[in-house]
1. May I ask for the angle, rounded to the nearest 10°, between helix 66-83 and the longest principal axis of the chain, with both axes built from Cα atoms and the value confined to 0 to 90°?
2. Tell me the GluC sites (Glu not before Pro) within region 1-78 that lie in a loop according to DSSP and have at most 11 other beta-carbon atoms within 10 Å.
3. Around residue 48, with a cut-off of 15 angstrom between Cβ atoms, what is the net charge of the other residues, counting Lys and Arg +1 and Asp and Glu -1?
4. Rank by packing, highest mean first: peptides 52-58, 121-127, with packing defined as the count of other Cβ atoms within 10 Å averaged across residues.
5. Fewest first, what order do 95, 49, 139, 133 take by the number of other Cβ atoms within 10 Å?
6. How far apart, in nm, are two points set 7 Å out from the Cα along the Cα-to-Cβ line at residue 44 and at residue 145?
7. Compute the long axis of helix 86-101 from its Cα atoms, compare it with the longest principal axis of the Cα atoms of the chain, and write down the angle in degrees, 0 to 90, nearest 10.
8. At 222 nm, what helix-only mean residue ellipticity would the chain give, in deg cm²/dmol to the nearest 500, using -39500 (n - 2.57) for each DSSP H run of four or more?
Amino acid sequence: MEVQFTCEECHSGIEVIPSLEASKVKCSVCEHVTGVKFTPDHLEGVLSDCPSCSRKDFYKQKDFNRKVGVGLFIIAAILSIWTYGVSLIVLWLFDLFLFSKIGNVVICYKCNTNFRKVKNLPSIYGFNHEMHDRIVYSDHNFEGKQLEH
Ligand SMILES: [Zn+2]
Ligand SMILES: [Zn+2]
C-alpha cells in the first residue's frame, strides 16, 4: 500500500511507506510534523483505519489526473478543425483505454490522506456527498459505516 498524506499546514503531498516503527512524518516543504499510527493491517495493504486521523471513513475514486485530461481535450478540439472531428473520436478511445488502465485511489474523508494499492478496495464505497459534508463540516464520525439511502 502506498500512502500519501496531505500536510495540514501547506497541503503538500507527503509520500510515506507504511512501517510499524514510524510514528511521525515530516513535511519536506514546510517541515510540519504529523503523528501517524500504522498497524499490521496497513503493512498487508488492508485499510481499516486511517494512519493519520484514525477515522474509518473512506471513499474511492479513479486515480485520474484531471489536468492531463483537460489538456488532451483542448489539443484534440483544436486538431479536430483539420481532422473533421476524428481526433475527438481518437481521444474518446484513448480516454476509454486510459480509464480502464487507471487504478483507484482511496481517500480519507477527514484528513484527505490518499491510499493506493489497497487490497480491500471492493469493500470501499465511492464518494458520498452527505457523508463528506457531515464529516468535514460537523465533525461526524461514521466509524466505517456507509450511509445508505
Ligand atoms: Zn507542509
Ligand atoms: Zn484520515
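Laboratory data are not the source of any read-out in this text; all were calculated from the coordinates shown. This is a predicted model, so every value here is computed, not measured. No Cβ is skipped: glycine too gets one built from the backbone with ideal geometry, and neighbour counts run over all protein chains shown.
1. Computed tilt is about 0 degrees.
2. Numbers: sites: 2, 8, 9, 15, 21, 31, 44; in loops: 8, 9, 21, 31.
Answer by residue number: 21, 31.
3. Working: positive: 37, 55, 56, 60, 110, 119, 145; negative: 41, 44, 49, 57, 143.
It works out to a net charge of +2.
4. Numbers: 52-58: 20.3, 121-127: 13.1.
Packing proxy ranking, top to bottom: 52-58, 121-127.
5. Final ranking by Cβ density, sparse to dense: 139, 133, 95, 49.
6. If labels sit at residue 44 and residue 145, their model points lie 2.5 nm apart.
7. Compared with the principal axis, the helix lies near 20 degrees.
8. It lands at -10500 deg cm²/dmol.
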